[in-house]
1. On the basis of being open to solvent by 50 Å² or more (accessible area, probe 1.4 Å) and farther than 19 Å from Leu295 by Cβ, does Phe136 make the cut?
2. Condition test on Ser220, is it among the polar types (S, T, N, Q), in contact (Cβ under 8 Å) with a residue 12 or more places away in the chain, closer than 15 Å to Leu50 by Cβ and assigned to a helix (DSSP H, G or I)?
3. Search region 52-75 for residues that are free of Cβ contacts under 8 Å to residues at least 24 places away in the same chain and pair each with any residue that is assigned to a loop (DSSP other than H, G, I, E, B) and of a type in the set (Lys, Arg) when their beta-carbon atoms are under 7 Å apart and the residues are at least 6 apart or on different chains.
4. Against the conditions (1) open to solvent by 20 Å² or more (accessible area, probe 1.4 Å); (2) at pLDDT below 75; (3) polar (S, T, N, Q), where does Ser308 fall short? Just the number, please.
5. What are the residues in region 244-276 that are assigned to a helix (DSSP H, G or I), modelled with pLDDT under 80 and polar (S, T, N, Q), if any?
Amino acid sequence: MACPVHFFCRGLRTVGLVLFYYVFSIGITFYNKWLMQGFHYPLFMTLVHLAINFCLSALTRRAMTRWTGKPRTVLSWKDYLRKVAPTALASALDIGLSNWSFLFITISLYTMTKSSAVLFILFFSLVFKLEEPNPFLILVVLLISCGLFMFTFESTQFNLKGFTMVLVASFIGGIRWTLTQVLMQKAELGLQHPIDALYHLQPLMFAGLFPLFLYNEGLSLSTSEKLFRGTELLPVLYSVSTLSAGGLLAFGLGFSEFLLVSRTSSLTLSISGIFKEVCTLILAAALMGDRMSMLNWLGFAVCLCGISLHVGLKTYYSKNKGSSLRQLNSKSPELSLPLLGQSEDDRGDSAVEYEDEEQEITLH
């Protein structure tokens, strides 16, 4: 009797973690689109979110130090500028361009185009030899590419400028996640923990995006009545509070992803990410009035088939041939406390759950 109850509780916990992840992931997508309808400064918004993420990650690191009694990783300036800067610059451009595109395109087109990031991640993973080439990758590329073409073909709400921005962001995102993977797998740097990586990346991301913000939005924002030239306190406070809410959502998204992977598996995150995109498109059509033809929906289905095949192949090669990536042992106490707050029973369950399979460093 205990066995069914045990599996039921584990399944219920997994569903709860997935829904927790959905709240932040889908929430920040709709938040960005909603905010860009009245606040046309996406780069400034991104800078505010980066600053909030840095402050929250710094506070989390301090809490972890007090909890465990062990000091957190602090890189030297030499390693920081040489090894973290390329990842930070790619991350800043990826996020900045993605947020910028919301000025021009719908949520559905953004979601679909952003799915093409898998292609670029595959490409750069092969270049950096993080993935082993296999013939099925050609099928993955064809499915995702054909799906993207069918989705954008004769779309009634297609915008070339916004589409190009997201496509460039996806390309840079391929570089970003590949470099992030390399960065987190270098044991000598000690950035295996996502909070440590987040803490070190945010300042350089801010510095990398700031010149682009000054060039494109600096003068306009300095004369805007929404912030710096505001004559009434209430509108200014409203702008500050809405921007801060997005920063909390962004930090919550990173935390929920980490929590889901740590307590379940990287495969769970990948599969839930596929269904999340379906939910996003359905909500975009229902709430935002996004219009999609039958051909568009068919293209989205073809693209999801390609992504699902990629997830399946990753799982197969990881279990049967050994992953080409170095593994991050999820049973490490680094991942147990204080963020997750596992009880003794939960840690016992996790030990059994992960006995057969160590989790990969997941890049989603």
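1. Working: open to solvent by 50 Å² or more (accessible area, probe 1.4 Å): yes; farther than 19 Å from Leu295 by Cβ: yes.
So Phe136 passes the test.
2. On the way: among the polar types (S, T, N, Q): yes; in contact (Cβ under 8 Å) with a residue 12 or more places away in the chain: yes; closer than 15 Å to Leu50 by Cβ: no; assigned to a helix (DSSP H, G or I): yes.
Judged against the criteria, Ser220 is not a match.
3. Partner pairs satisfying both residue conditions: Thr65/Arg72.
4. Among (1) open to solvent by 20 Å² or more (accessible area, probe 1.4 Å); (2) at pLDDT below 75; (3) polar (S, T, N, Q), the lone unmet condition for Ser308 is (2).
5. Ser262, Ser266, Thr268, Ser270, Ser272
The values are calculated or read from the model by the stated rules, or taken from the named source; none is laboratory data. Values in this document were obtained by computation on a predicted structure and should not be read as measured data. Reconstructed Cβ throughout: ideal geometry from the backbone, glycine too, with neighbour counts over all protein chains shown. Accessible surface is based on the protein model in full, side chains and every heavy atom, while ligands, DNA and RNA are left aside. Shrake-Rupley method; radii C 1.70, N 1.55, O 1.52, S 1.80 Å.
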